[in-house]
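I have a structure here, written as structure tokens, and I will follow up with some questions on it.
The values are calculated or read from the model by the stated rules, or taken from the named source; none is laboratory data. Predicted model only: the values in this text are computed from it and were never measured. Here the Cβ is made from the backbone with ideal geometry for all residues, glycine too, and neighbour counts use every protein chain on show.
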There are 2 protein chains.
Amino acid sequence: MTMKLFYTPASHFTRKCTVTIKELGLEARVEIVPTKWPHAWVTETVPYRSDFLDATPIARIPALVTEDGLKLTDSSTICEYLNDELGSYKLCPARGHERWRILSLVSIATSGIMEAQVMRIAELRRKRPDSKQPQEFSSSFVQKMKERQERCFSVLEQRHEEFSGPADLGQIAVGCACATSDFRFPDDQWRRTAPNLARWYDEFRERSSMRETEPAETPQDPDLEPTATTLEAAGTE
Amino acid sequence: MTMKLFYTPASHFTRKCTVTIKELGLEARVEIVPTKWPHAWVTETVPYRSDFLDATPIARIPALVTEDGLKLTDSSTICEYLNDELGSYKLCPARGHERWRILSLVSIATSGIMEAQVMRIAELRRKRPDSKQPQEFSSSFVQKMKERQERCFSVLEQRHEEFSGPADLGQIAVGCACATSDFRFPDDQWRRTAPNLARWYDEFRERSSMRETEPAETPQDPDLEPTATTLEAAGTE
């Protein structure tokens, strides 16, 4: 039995896992299970594949079902599992200052930048022409999320000297967060806030694990929602 | 130098950390630093203490500054750090199936139930009489978050036999999630969905670590926002 990773190419949370899988050489042990998302996910419970719901009651991607039947339901836990249990701690040591330094970068990238990006995308979608509730959009909330992201990039810039040496879980998470800024918010100019980080990222993104996982739009599933169009959100964790 | 934990008594995310500190007997090594939150946090960047922003660019609680200057910015990483680095793995073993089984419960409680509770509280606050943008409230989004929570409680009920034996990080996270349901959403009737889990919880909540950390409203800070009233949200991570 192989592991199953529930996936879309648009999710930066999921990309943390696919990059980690490639960096650890675990591709042959993981079946990638695509998921599709109708637009309505922003404000409604949408229909889910039963095997997906069986893997995660949260109904966000990524979700990993391990070879021994464990069900892991958030990207950071999945990456730690892959590294600690199957990857001989190649991308993060078992303990000590270095482990928590790396995981502190994962947290800023994930709970800080990626969550803020998703919340901003979800909020902006409330004002779309096809929204049933066009009044719900809050420009101040969008601004709040931009400011959160900006603060996080500023701290990563202050810590830019930590971005050297072999790939680790922190670099992977930060790299995926930088990529989403370029993919979803090209006007944000995070590179001005974090020029040294950007120089690191422009090298890091050339790794094969990153080039093989470039973000792309989530496929449409007309069976899930007759009026659905391609979902542009990376916001499904 | 002691650790610093940025805190409010209303946050279930932070309570995971304070319960973990007590279960590990680390109280003397941690300074609890209160934070105050004006109502506007839901949709705006609000003023923060500079030491808080220095600890976390995400500007959510909890945040932990360790004795050696590490800054950890989400509750699950903080609890793992306390357990792994300072707690001799008392509440979760270092590796193997049992570690990931426990962390899978942490994830369902945290990324599932607690996040859904916070998102629901934040959404409901959009329609408050004192809101500047009373049109923004989405009843379908609130329903979506209730359904996420309900699915998570259903899975925890299916797994209720795992809730036995000594306290662990999974039980702590789930116990804090159950408590918030009682505190914030007494009409939800999660106990009907999860009667066996509820029986476990009613015993678990009597532990001194839980009794000493009962949720309470976040103190008001008139200096932060002249019109602020007590923030009732546990939603500041």
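Can you confirm whether the stretch B:134-144 contains a residue that is modelled with pLDDT under 85, over 25 Å from B:ILE172 (Cβ atoms) and surrounded by fewer than 16 Cβ atoms within 10 Å (Cβ to Cβ)?
Yes, the stretch B:134-144 has at least one match.
Name the one entry in A:ASP74, A:ASP68, A:ASP84 that is in contact with a His (Cβ under 8 Å, 6 or more places away or on another chain) and charged (D, E, K, R).
None of the others qualify; the one that does is A:ASP68.
Select, from B:PRO166, B:PRO186, the only residue that is surrounded by fewer than 11 Cβ atoms within 10 Å (Cβ to Cβ) and in contact with a Leu (Cβ under 9 Å, 6 or more places away or on another chain).
Going through B:PRO166, B:PRO186 in turn, the sole match is B:PRO166.
Now, a different point. Go through (1) part of a helix (DSSP H, G or I); (2) under 19 Å from B:LEU105 (Cβ atoms) for A:GLU115 and report which single condition fails.
(2)
Still on this structure, please answer the following. Filter the stretch B:179-192 for residues that are without any contact (Cβ under 8 Å) to a residue 24 or more places away in the chain and closer than 25 Å to B:SER11 by Cβ and give the result.
Within the stretch B:179-192, B:ASP182, B:PRO186, B:ASP187, B:GLN189, B:ARG191 qualify.
In the stretch A:56-66, how many residues are hydrophobic (A, V, I, L, M, F, W, C), touching a residue at least 24 places away in the same chain (Cβ under 8 Å) and closer than 21 Å to A:GLU115 by Cβ?
Qualifying residue count for the region: 3.
A further question follows. Here are the criteria: (1) closer than 24 Å to A:PHE183 by Cα; (2) surrounded by fewer than 23 Cβ atoms within 10 Å (Cβ to Cβ); (3) facing another protein chain (nearest Cβ under 10 Å). Tell me which single one A:ARG125 does not satisfy.
With (1) closer than 24 Å to A:PHE183 by Cα; (2) surrounded by fewer than 23 Cβ atoms within 10 Å (Cβ to Cβ); (3) facing another protein chain (nearest Cβ under 10 Å) applied to A:ARG125, the lone miss is (3).
Here is a further query. How many of the residues making up the stretch A:67-106 are within 7 Å of another protein chain (Cβ to nearest Cβ) and in contact (Cβ under 8 Å) with a residue 24 or more places away in the chain?
So the count comes out to 4.
A further question follows. Can you tell me which residue in the stretch B:51-66 is farthest from B:LEU105 (Cα to Cα), limited to those that are at the interface with chain A (Cβ under 9 Å from one of its Cβ atoms) and in contact with a Ser or Thr (Cβ under 8 Å, 6 or more places away or on another chain)?
Checking each candidate, the answer is B:PRO57.
Just checking: which of the helices (runs of 4 or more DSSP H) contained wholly in the stretch A:1-95 hold 1 or more residues that are among the basic types (Lys, Arg)?
A:12-23
Assuming B:TYR48 fulfils every condition listed in (1) within 11 Å of chain A (Cβ to nearest Cβ); (2) surrounded by fewer than 20 Cβ atoms within 10 Å (Cβ to Cβ); (3) in contact with a Leu (Cβ under 6 Å, 6 or more places away or on another chain) apart from one, which condition is it?
Of (1) within 11 Å of chain A (Cβ to nearest Cβ); (2) surrounded by fewer than 20 Cβ atoms within 10 Å (Cβ to Cβ); (3) in contact with a Leu (Cβ under 6 Å, 6 or more places away or on another chain), only one is false for B:TYR48: (3).
Go through (1) buried (at least 20 other Cβ atoms within 10 Å of the Cβ); (2) at pLDDT 95 or above one by one and return the number of the condition A:ALA40 breaks.
(2)
Which condition number in (1) free of Cβ contacts under 8 Å to residues at least 60 places away in the same chain; (2) among the acidic types (Asp, Glu); (3) within 20 Å of A:CYS152 (Cα to Cα) is the one that B:GLU31 fails?
(3)
When you go through A:ALA194, A:ALA179, A:ALA173 one by one, which is the residue that is within 14 Å of the chain's Cα centre (by Cα), in the same structural domain as A:VAL118 (by TED's automatic domain parsing) and buried (at least 23 other Cβ atoms within 10 Å of the Cβ)?
Answer to the check: A:ALA173.
If I filter the stretch A:6-29 down to residues being surrounded by fewer than 23 Cβ atoms within 10 Å (Cβ to Cβ) and aliphatic (A, V, I, L, M), which single residue comes out as farthest from the other protein chains (Cβ to nearest Cβ)?
Looking at the filtered set, the residue picked out is A:ALA28.
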